[in-house]
Amino acid sequence: MKQIVFAGIAALIFYAGTAKAARRPAETLDRGFIAVVKSSSQVYLGWRLLKDDPDALSFNVYRLTEGGQPVKLNSEPIADSTNYIDQTAPLDKSNQWRLHAVVAGKEQAEWVSVELPANPPVRSYFSIPFQGNYVCSKVALADLNGDGRYDFVIKQPHQVSDPGVWRKSTDTFKVEAYLSDGTFLWRRDLGWNIEQGVWWSPMVVFDFDGDGRAEIALKTAPTDADYRNPDDHPYPGRVMTGPEYISLLDGLTGRELDRADWPARGRVEDWGDEKNNRASRHLLGVAYLDGVRPSLLVLRGTYTRMQVDAYNVVNRKLQKLWSWCGDDETPPVRGQGMHGMHAADVDGDGRDEIILGAAVLDDDGKILWNTGLGHPDGCYVTDIYPQRPGLEIIYGIEPPQPKNGICVVDARTGEILWGCSHPTVHVHSQGLFGDFAPDNPGLEYYTGEKDRSAHWTYSVDGRLLSEEPMELLAPTPLYWLDGSLKMLAHGGQIRRYKGPVVDEYEGKILAAADCLGDWREELITTVPGELRIYTTTHPASSRHCTLMQDPIYRLDVAMVSMGYFYPPQLSYFFSSEPKAAAEER
């Protein structure tokens, strides 16, 4: 018997030709086959369905105990789900499970496997041990070595300072890379000129050059000099001068491959204040600007002036495509940025546009539209209204609004399709967006005022469902049980909306993504000394293509490692048949 990781997708497409001539390439993923001890007598097994799999594909599961003969566990090929509960595993012994694909009724010779040692602990998470007893502030998921599994790049320690409420850095940020099995690869110290806080240190990890292995893009500065203001400066300790770079690192070694200048700081006052608050708002992103290859986006500015540089990675070097500055537009585009970024093909031409916030750039670096509503704290793009063509964007707008502080716009044009009729003062935080209310069909959005004086849960067709507050303005929504209804994670508990707790977790939430097992999402947290990847162990009776092969979802996950954490969205309205929809996008 030979063990083969079968990908089930087409070979890598060269980055050549036009978007119309080639389908956007997908990552080569393995089955993500996992075994989790659900109880003293049950083992949960889960695996991926890939979007190039044939519709009639099914699976057989075998168990081998202490190297013995394989025993088939399922009586009929598993065709209606991508998980299985082994009810009879002798957990006092070592066990291996093998997964075989069944095509046209014929079991394939190739298989993938997962193993557990004797007497494994009952726990629903995988652990990535760190090199010390620290916690991290950000995590990126990407395949660093080309084996079809997601690896992890972290930034540590966890001090979060905002330029608007500045605190002196107590340490330097370090970036570290770990393989999916926990193997430590490398560490890079960013030095004192990258201050500790999310806005000074954006990072994205993605396969920019199409070789099957991801690179790290991040903001850097010289480490052989100290540009912090002296003690007698009006703003002592702040970094307001000195070079700033966008650096491209090799994913396996951390070696710098190339660097370019970050969008210029110039005079900090030109960004809106003299204390370097608004000049220190930095973001990074990924978009398929030509529809075929991923481009790197480098941003400076959110609240006032806004600038974007776009790069391709060619022969492991940064090649600039274009630069855009909102002040060059007529009228100027200012103060429309969000604390993150989305990329999506909003106009249907096969190429991604850049959702900066309340304004959108076309793939060629020209403004597509601008609502003029100002900075949104909440911003999500997906197919909100499945009955109408195209995508929509939902906003929670921070500046005061007489109306439309919560609104849905057409992603192609920026036209407001629905907006709240009441005034808002400061709609705050990312809010909660998704299908989480069981009594309401479709999607919902929960948000509130910064001072917690008002809270709203709206259906996306404009019905006010509740004005009751939740404990947090932005609990994390998760596909965790069967079906489209999302569970909410907050305060160590995963629960139904206004309902019972279904699971528990420990640590600070960093991300939610479908990175292992079946189509449900994993919850990624950090506790002292480790990264934890929590996975569901609840069986599902439905199956769906892995969410990571959806274009909007995958890029949303890529941008989790910088800015605010905006839970990822899909390019289609989640239904009982998402696989077919995903294949067309």
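Here are the numbers for the structure shown:
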read-out: Close pairs from segment 134-155: first open to solvent by 10 Å² or more (accessible area, probe 1.4 Å), partner of a type in the set (Lys, Arg), Cβ under 8 Å, at least 6 apart; value: Val135/Lys508; Ser137/Lys155; Lys138/Lys155; Asp143/Arg149; Asp143/Arg213; Asn145/Arg213; Gly146/Arg213
read-out: Among (1) farther than 28 Å from His544 by Cβ; (2) in contact with a strand residue (DSSP E or B) (Cβ under 8 Å, 6 or more places away or on another chain); (3) of a type in the set (Lys, Arg), the one test that Arg452 misses; value: (2)
read-out: Filter result for the condition that a residue is under 18 Å from the mean Cα position of the chain (by Cα), at pLDDT 95 or above and either of a type in the set (Lys, Arg) or in a helix (DSSP H, G or I) (or both), over Asp556, Asp518; value: Asp556
read-out: Qualifying residue in segment 370-379 (condition: of a type in the set (D, E, K, R), modelled with pLDDT of 95 or more and touching a strand residue (DSSP E or B) at 6+ places or on another chain (Cβ under 8 Å)); value: yes
read-out: Residue within segment 206-219 that is without any contact (Cβ under 8 Å) to a residue 12 or more places away in the chain and part of a loop (DSSP other than H, G, I, E, B) present; value: no
read-out: Test for Val122: is it touching a strand residue (DSSP E or B) at 6+ places or on another chain (Cβ under 6 Å) and open to solvent by 40 Å² or more (accessible area, probe 1.4 Å); value: yes
read-out: Answer residue from segment 305-358, given it is touching a residue at least 12 places away in the same chain (Cβ under 8 Å) and among the β-branched types (Val, Ile, Thr) and is farthest from Gly431 (Cα to Cα) among those; value: Val314
read-out: Strands (runs of 3 or more DSSP E) fully within segment 449-498 counting 1 or more residues that are aromatic (Phe, Trp, Tyr) and touching a His at 6+ places or on another chain (Cβ under 9 Å); value: 455-459
read-out: The lone exception for Gly357 - which of (1) farther than 25 Å from Ala474 by Cβ; (2) touching a His at 6+ places or on another chain (Cβ under 9 Å) it fails; value: (1)
read-out: Some residue of segment 309-332 being touching a His at 6+ places or on another chain (Cβ under 8 Å) and part of a loop (DSSP other than H, G, I, E, B); value: no
read-out: In segment 282-315, the residues that are of a type in the set (Lys, Arg) and open to solvent by 10 Å² or more (accessible area, probe 1.4 Å); value: Arg293, Arg305
read-out: The lone exception for Thr65 - which of (1) open to solvent by less than 60 Å² (accessible area, probe 1.4 Å); (2) on the phi > 0 side of the Ramachandran plot; (3) free of Cβ contacts under 8 Å to residues at least 40 places away in the same chain it fails; value: (2)
read-out: Elements of type strands (runs of 3 or more DSSP E) in segment 340-382, at least 3 residues being surrounded by fewer than 24 Cβ atoms within 10 Å (Cβ to Cβ) and in contact with an Asp or Glu (Cβ under 9 Å, 6 or more places away or on another chain); value: 367-370
read-out: Extreme residue, nearest to Gly335 (Cα to Cα), among residues of segment 383-424 that are of a type in the set (Phe, Trp, Tyr) and assigned to a strand (DSSP E or B); value: Tyr395
read-out: Filter result for Ser571 (open to solvent by less than 30 Å² (accessible area, probe 1.4 Å), modelled with pLDDT of 95 or more and either under 21 Å from Val292 (Cβ atoms) or hydrophobic (A, V, I, L, M, F, W, C) (or both)); value: yes
read-out: Residues being of a type in the set (Gly, Ala, Ser) and surrounded by 23 or more Cβ atoms within 10 Å (Cβ to Cβ) - total across segment 522-562; value: 2
read-out: Condition met for Thr447 (under 26 Å from Val308 (Cα atoms) and surrounded by 18 or more Cβ atoms within 10 Å (Cβ to Cβ)); value: no
read-out: Cβ pairs under 8 Å, 6+ apart, first in segment 75-95 and buried (at least 16 other Cβ atoms within 10 Å of the Cβ), second part of a loop (DSSP other than H, G, I, E, B) and of a type in the set (S, T, N, Q); value: Ser81/Ser541; Ser81/Ser542; Tyr84/Asn74; Ala89/Ser41; Leu91/Ser40; Leu91/Ser41; Leu91/Asn119
read-out: Tally of residues being in a strand (DSSP E or B), of a type outside the set (Val, Ile, Thr) and open to solvent by 40 Å² or more (accessible area, probe 1.4 Å) across segment 160-192; value: 6
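Quick grid of which residues meet (1) open to solvent by 20 Å² or more (accessible area, probe 1.4 Å); (2) acidic (Asp, Glu):
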residue: Gly212; (1), (2): yes, no
residue: Arg238; (1), (2): yes, no
residue: Asp258; (1), (2): yes, yes
residue: Asp261; (1), (2): yes, yes
residue: Arg265; (1), (2): yes, no
residue: Trp271; (1), (2): no, no
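Conditions tested, residue by residue: (1) farther than 21 Å from Glu522 by Cβ; (2) aliphatic (A, V, I, L, M); (3) at pLDDT 95 or above.
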{"position": "Trp47", "(1), (2), (3)": "no, no, yes"}
{"position": "Val71", "(1), (2), (3)": "yes, yes, yes"}
{"position": "Pro77", "(1), (2), (3)": "yes, no, yes"}
{"position": "Ser81", "(1), (2), (3)": "no, no, yes"}
{"position": "Asp86", "(1), (2), (3)": "no, no, yes"}
{"position": "Arg98", "(1), (2), (3)": "yes, no, yes"}
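The values are calculated or read from the model by the stated rules, or taken from the named source; none is laboratory data. Just so we're clear, the structure is a prediction, and the values are computed from it rather than from any experiment. Quick reminder, even Gly has a Cβ in these numbers, built from the backbone with ideal geometry, and neighbours come from all protein chains shown. In case anyone asks, the SASA skips ligands and DNA or RNA and just uses the protein heavy atoms, side chains included. Shrake-Rupley method; radii C 1.70, N 1.55, O 1.52, S 1.80 Å.
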